[in-house]
Amino acid sequence: MVRRPVAWVVTVLLFAEALGIAAVNWFLGMVADRQQMSLAGVDPDVMETSSKAGAVVFGLYFALCAVAALLVAVRDRAPGLFGRILLISAAVVHALLGALAWGLIGWTAFVFMVVMLALIVLLLMTYDGQEGAGAPGAAGNGPAEPETGSARPDGTAPADAGAPAGGETPAGGTPTAPGGVPAQHDGRREPEAALGR
C-alpha cells in the first residue's frame with residue numbers, strides 16, 4: 001500500500017522544511033543585525049529579533065507537523081485530533097505559500113509547495129478511507145444477532161420454546177410450578193372435592 005511510504009516522504013520533507021525555514025530566517029536576522037538594515041524606519045534590533053523569533057516559531061511548527069506525520073508512519077494508523085489539525089493547517093500553509101511563491105520566487109518553488117500540498121492531502125485521505133472501512137457497525141462487519149425464539153443452528157428449538165410460564169395450568173393437565181415442574185400437593189383436598197362436587 002502507498003499509505004506508509006507517503007507518510008514517510010511527508011515526514012522527511014517537513015523536517016527538511018523546518019530546518020530550511022529556521023536557517024533562512026536566522027540568517028536574515030544575522031544579516032539585518034550586522035548590516036544595520038532597516039525597513040520603513042524599523043529599528044535594526046527589532047528586525048533582528050523578529051527574524052530570529054520567526055525562525056524559532058516556524059521551525060517548531062513544521063517540526064511538530066513532521067512529528068505528526070512520523071507517528072502516522074510508525075503506527076500505520078490515522079492521526080489523532082491534534083495531529084489531524086496540524087496536518088490540515090500545514091496543507092493550508094503550503095497552499096498559501098505556493099500562491100505567494102508563484103509571484104515572488106518562481107515556478108520551481110510553486111511546484112514544490114503544490115507537491116507538498118498534494119502529499120499531505122493524500123496522507124489524510126488514505127487513512128480516512130481506512131478508518132471508515134474498519135468502523136464498527138459497517139455493513140458486513142460483525143456476527144448477526146440471533147432473533148429471540150429462533151431455532152438453533154442444529155435445527156432444535158431453544159429450551160424455553162413452548163414452555164408455559166410459571167404457575168400456569170396447561171389445558172387438561174397438571175398445574176406446573178415455575179420451570180415447568182408439576183406442582184406438589186400437600187395432601188389437602190380442594191374445596192370442591194370436599195363438598196362432593
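The values are calculated or read from the model by the stated rules, or taken from the named source; none is laboratory data. Quantities reported herein were computed from a predicted structural model and do not represent experimental measurements. No Cβ is skipped: glycine too gets one built from the backbone with ideal geometry, and neighbour counts run over all protein chains shown. In case anyone asks, the SASA skips ligands and DNA or RNA and just uses the protein heavy atoms, side chains included. Shrake-Rupley method; radii C 1.70, N 1.55, O 1.52, S 1.80 Å.
Annotations for the structure displayed:
- A P(r) calculated from all alpha carbon pairs of the stretch 1-105, with 10 Å bins opening at zero, reads 15, 35, 29, 15, 6, 0 percent.
- Heavy-atom accessible area order for Arg4, Arg84, Arg34, Arg77, largest first, 1.4 Å probe: Arg34, Arg77, Arg4, Arg84
- Here, P(r) means the percent of Cα pairs in each 5 Å bin from 0 to the largest distance; for the stretch 34-87 it is 4, 18, 17, 13, 10, 9, 9, 9, 7, 4, 0.
- Cβ-Cβ distance of Asp128 and Val67, R₀ of 25 Å, FRET efficiency by 1/(1 + (r/R0)^6): the value works out to about 0.80.
- The mean of 1/r over all pairs of different alpha-carbon atoms in the stretch 1-50, once inverted, gives a Kirkwood hydrodynamic radius of 12.9 Å.
- A straight chain from Leu39 to Phe27 at 0.36 nm per residue would run longer than the Cα-Cα distance by 2.7 nm.
- For the stretch 101-111, putting each phi into the Karplus relation 6.51 cos²θ - 1.76 cosθ + 1.60 with θ = phi - 60° gives couplings of 5, 4, x, 9, 10, x, 6, 5, 5, 4, 5 Hz, in residue order, rounded to whole numbers and with x for Gly and Pro.
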